[in-house]
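Here's the structure, in structure tokens; my notes come after.
The values are calculated or read from the model by the stated rules, or taken from the named source; none is laboratory data. Just so it is clear, the model here is predicted, and its values are computed rather than measured. Here Cβ is always computed from backbone atoms with ideal geometry, including for glycine, and neighbour counts include all displayed protein chains.
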Amino acid sequence: MLPLMEEKAKGLGMKIKWYLLSAGKLQEQPVIEGNLQTSLGETGESWFDVQDTDPEEIRKFLTPLDLHPLQLTRCLDSVNDPGVVSYGKSLLMEFPATFDRESADPSYLTILLQDHVLVTVRHGEMGALDDLVSSLKGETTLPVLHLAQIIYMILDQFADLNVEVQVAIRDQILLMSNNLSENPGKVSTNDLSRLRAQVENLVSLVENQLYCISGLNASDNELLQDPHRKAYIQDLLSETEIMQSGVYRFENRVKDLYNDYQAVGNERVEKRLRLLTIVSAITLPLGLLAGLLGMNVGGVPGTRTPSGFIIVIILMVLIILAEFWYFTRKGWFD
């Protein structure tokens, strides 16, 4: 049987919580000083949840598991790459867990399953994982039969978070669409750029999650080959594929928003150009008339008429009214 390890609670900077799966419930165990090894057969299935690690600490912690070098390298690598690495009875998955609207780099959760040991290593804040632990320790929760079920629950917990994010972004898209229809001035290019960046980050997250779950589904790890356990994985796979379709629709809707915004902007510019054209068309004959009457040559009509100025003003007003009537009739002000 494989050895099960406890890490010393003091002397290392990382935080470790040890949960023993017993009678369908998680029971938190004290992490004792010293590097103890006990039999898996005597202790049952255990889950070690690790935070605040550095490469040397996690290397020491994982040494008793005798991992494949590639798996150990992936655990120690500071750059997280989504994917699944399975060798023999050990399965390693680096899963992009939580979504940050303002950042393209999500928090990653490293999941390691070997026989009766489950190790999760957090790379970032994951309050949803704490919520899951609390529910599994409660008295009213459904019984947990094996560690693989905990993995499904972890992945499903993060999938639920994605649904909440999708709803929030959908509402934001709807609000921006309504503003474009009713009050375009409320929408700016920065708003659209920020929304597009959020959708692109979400698309990247869901695609990477789908890649991980697909790898989990294709894994030949014997701990996941039971038909009942496979059904859970396939359900997660279907759910993530639906999410992917949803976020792709968000991409298309954001593109439509950009097109609508451009159309509204073009219409606004067109109206302004139309107004300038009308003003130019109205002032052009007035300028021509003023230029003709202002020539310093003999024979200019009205120069010796006392009411010549009034007559010219009245003529200009009549020209303006005639042009205004014409442009209105032709629909230039519509």
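Sort through D191, D220 and tell me the only one that's assigned by TED's automatic domain parsing to the domain that holds N162, assigned to a loop (DSSP other than H, G, I, E, B) and on the phi < 0 side of the Ramachandran plot.
Values: D191 fails: assigned to a loop (DSSP other than H, G, I, E, B).
It is D220.
Can you spot a residue in the stretch 274-282 that is at negative phi and in contact with a Gly (Cβ under 8 Å, 6 or more places away or on another chain)?
no
Specify the residue that is surrounded by the most Cβ atoms within 10 Å (Cβ to Cβ); the eligible residues are those in the stretch 41-64 that are within 30 Å of the chain's Cα centre (by Cα), not β-branched (V, I, T) and not in a helix (DSSP H, G or I).
W47
Report yes if some residue within the stretch 230-239 is free of Cβ contacts under 8 Å to residues at least 12 places away in the same chain, closer than 22 Å to Q166 by Cβ and surrounded by fewer than 17 Cβ atoms within 10 Å (Cβ to Cβ); otherwise report no.
First, pick out the residues of the stretch 230-239 that are free of Cβ contacts under 8 Å to residues at least 12 places away in the same chain: 231, 235, 238.
Restricting the remaining residues to those that are closer than 22 Å to Q166 by Cβ gives 235, 238.
If we keep only those that are surrounded by fewer than 17 Cβ atoms within 10 Å (Cβ to Cβ) too, we end up with 235, 238.
Within the stretch 230-239, one or more residues are free of Cβ contacts under 8 Å to residues at least 12 places away in the same chain, closer than 22 Å to Q166 by Cβ and surrounded by fewer than 17 Cβ atoms within 10 Å (Cβ to Cβ).
Just checking, which of D260, D226 is more than 30 Å from L195 (Cβ to Cβ), among the charged types (D, E, K, R) and at pLDDT below 90?
Testing whether each residue is more than 30 Å from L195 (Cβ to Cβ), among the charged types (D, E, K, R) and at pLDDT below 90 leaves just D226.
Within the stretch 251-301, track down each residue that is in contact with a Pro (Cβ under 6 Å, 6 or more places away or on another chain) and either loosely packed, with under 13 Cβ neighbours inside 10 Å or among the hydroxyl-bearing types (S, T, Y) (or both).
Filtering the stretch 251-301 down to residues in contact with a Pro (Cβ under 6 Å, 6 or more places away or on another chain) leaves 264.
Answer for the stretch 251-301, where residues must be in contact with a Pro (Cβ under 6 Å, 6 or more places away or on another chain) and either loosely packed, with under 13 Cβ neighbours inside 10 Å or among the hydroxyl-bearing types (S, T, Y) (or both): there is none.
Would you confirm, using the coordinates I've provided, whether G215 is in contact with a Gly (Cβ under 9 Å, 6 or more places away or on another chain) and either part of a loop (DSSP other than H, G, I, E, B) or among the β-branched types (V, I, T) (or both)?
No.
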